[in-house]
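Below is one structure, written out as structure tokens; the observations come after it.
Just so it is clear, none of the values below were taken in a lab; they were calculated from the coordinates. What you are looking at is a predicted structure, and each value in this text was computed from that prediction instead of being measured. Cβ coordinates were reconstructed from backbone atoms using ideal geometry, including for glycine residues, and neighbour counts include every protein chain displayed.
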Amino acid sequence: MSDTFDLFRPARRHRMAFLRLHDVTPLAMQYFVQRHDLSLLSLRDKPDLSDVEVLFFSLHSWRDFYDIARLPKAPGQIWIAGGPAVYSPIGVSHRMDYIHVGDGVAAMQRMVQGEFEGPGTINTHCMNTVQAVEEPPQVCFDSRIVMSVGCKRKCAFCVNAWRRKYVERPESEVVEFLQRTPYKGVSLLSNSSDDVSYYANLTPFLQGKSDMVVSNHISAITEAFAASRSREVLLGIEGMSERLRASVLKPCPAEKIQKVLLLLFNHGVQARTVFQFNLPTETLADLEELRTLVHEIQPASKGSWAIPFIPHQPSPHTPLQWSTPTYSIPMAEAIMDFRQSMFGSKDTGVGVYVPAPLYPGRWFAQQVAEWLPVTPEVADAVEALPRKAAVPEMIEFLAKRNVRLPEAFLDRNEHTVFPWDCVEVRQPKARLWQVYEQLQKIRS
Ligand code: SF4
């Protein structure tokens, strides 16, 4: 296959196209579709892809790997993927010709010129090792601007902390954007807006506008902040108990959580607090600690509080990549009991809503997509997984359908070679292992 696309061929319809898998077009893609000769197609419209020569994908989650498993590919067509999900590229390496890992502004600039090989780009025909590309925040589109990338904090489970360096866009560029944008609802994008060193300085420029994206660290919520918010506040608290929060390097005393939530509710601000379950060493006692906290807060105010629980995944390129994937069905059932116990809570104080958690079958689909190429056969087997089963049972279920996870899947150690090791990130693997070992000490 030629690495250089012949730009001087007679123009054809959809010579290069971006295929949107879902309703949302990623910001960077909108930017490129508008500035280059790139067509924007949507899977929902069942487009005819037969005359597309180069097809771009932005893969945001493991679900996207299953979406493209059965998508027909025309002979000679070049498929290129980028997006956050390809830090673990094996799931789509058999379908793509090139996979770009990391920030993609420079890569897209060369790719639309027909230069597919370059920094951060895997040629899947030889599976070269790449260093994920880091670029300063550049993209700014309509009502949205990226203020910062990465995260200053070091939560052990979080990809944002370990994959790249924290970098802020200059304050003057954000101020200039706020002064010129005609939109009232704006999105100042970052992983945690309060961590942006100049976020507080933006308040005068936000007069008459509302920042639609809020992703705050709990320690930053103050009286003034609560008084100024009109939209829901999202708080990633993660561990259900103090012990668990400390064990994943995101410590936060229960007292602090209580104080902050009451502050928000007393100012009429809705809250959404995200917790993980299936964290290493977790027991039902950890959920009990959270239930106690909720029962203390709930009658003390009015308002609305959503408490989603997300099953933990040992994410690639984090210290927890060495944790054994576990799904506790008793814990999921206890969360469902908790959910039921909160029905009608708005009649007695804060209305608490606990969405049903993701069950093991669908949760396991992500694990598989990080370890195996998602072929139609793998997708069929994964889609047939029992809804509620423990991990060993799901592994056996897949093996009976000739879908075999390697031994290292359940048996991880310092020497484990992960399927995503062809991607190098800012924190070397040896450093991630050191942190993992420190965590074991914290837990013991
Ligand atoms: S969980 Fe949030 S605060 Fe922690 S490292 Fe990730 S983005 Fe930062």
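Some points to look at:
- Every pair of different Cα atoms in the chain enters the Kirkwood calculation, which places the hydrodynamic radius at 23.7 Å.
- In the chain, a dipole from Cβ-located charges (positive for Lys and Arg, negative for Asp and Glu) runs towards its positive end, and of N413, P84, V260 it is V260 whose Cα lies farthest in that direction.
- Segment E296-R362, length gained on full extension (0.36 nm per residue, minus Cα span): 20.4 nm
- Extension gain, E289-E53: 0.36 nm per intervening residue step, less the Cα-Cα distance, totals 79.3 nm.
- Evaluating 6.51 cos²θ - 1.76 cosθ + 1.60 at θ = phi - 60° for every residue in the range 308-324, the Karplus couplings come out as x, 10, 10, x, 5, 10, x, 6, x, 6, 10, x, 7, 5, 8, 6, 6 Hz, glycine and proline recorded as x.
- Pairwise FRET efficiency - D347 versus S172, Cβ, R0 = 45 Å, nearest 0.05: 0.35
- Beta bridges per DSSP, both residues in the chain: antiparallel share near 20 percent.
- The range 205-321, relative contact order [Cα under 8 Å, separation at least 6], %: 26 percent
- Tail fraction, Cα-Cα pairs, the range 39-146, threshold 23 Å, whole percent: 28 percent
- Highest to lowest packing among 96-103, 404-411, 226-233, 366-373, scored as the average C-beta count within 10 Å: 96-103, 366-373, 226-233, 404-411
- Of the residues H217, H60, the one with the fewest other Cβ atoms within 10 Å heads the list, and the complete ranking is H60, H217.
- Mean ellipticity per residue at 222 nm, deg cm²/dmol - from DSSP H runs of n ≥ 4 across the chain, formula -39500 (n - 2.57): -8500 deg cm²/dmol
- Within straight-line cross-link reach of K184, lysines at Cα separation under 19 Å, skipping those fewer than 8 residues along the same chain: K209
- Relative contact order (%) - criterion: Cα under 8 Å, at least six apart; region: the range 344-432: 26 percent
- Theoretical FRET efficiency, 1/(1+(r/R0)^6), r = Cβ-Cβ of R231 and K429, R0 60 Å, to 0.05: 0.95
- Contact order for the range 16-131, expressed relative to its length and based on alpha carbon pairs under 8 Å spaced 6+ residues apart, stands at 21 percent.
- Rounded Å value of the spacing that divides the Cα centres of the range 224-261 and the range 301-324: 13 Å
- Gain on full stretching of the segment that runs from N201 to E396 - 0.36 nm per residue minus C-alpha separation: 64.6 nm
- Qualifying aspartates and glutamates (Cα of each under 20 Å from Cα of K250; at least 8 residues distant if same chain): D194, D195, E238, E242, E282, D286, E288, E289, E437
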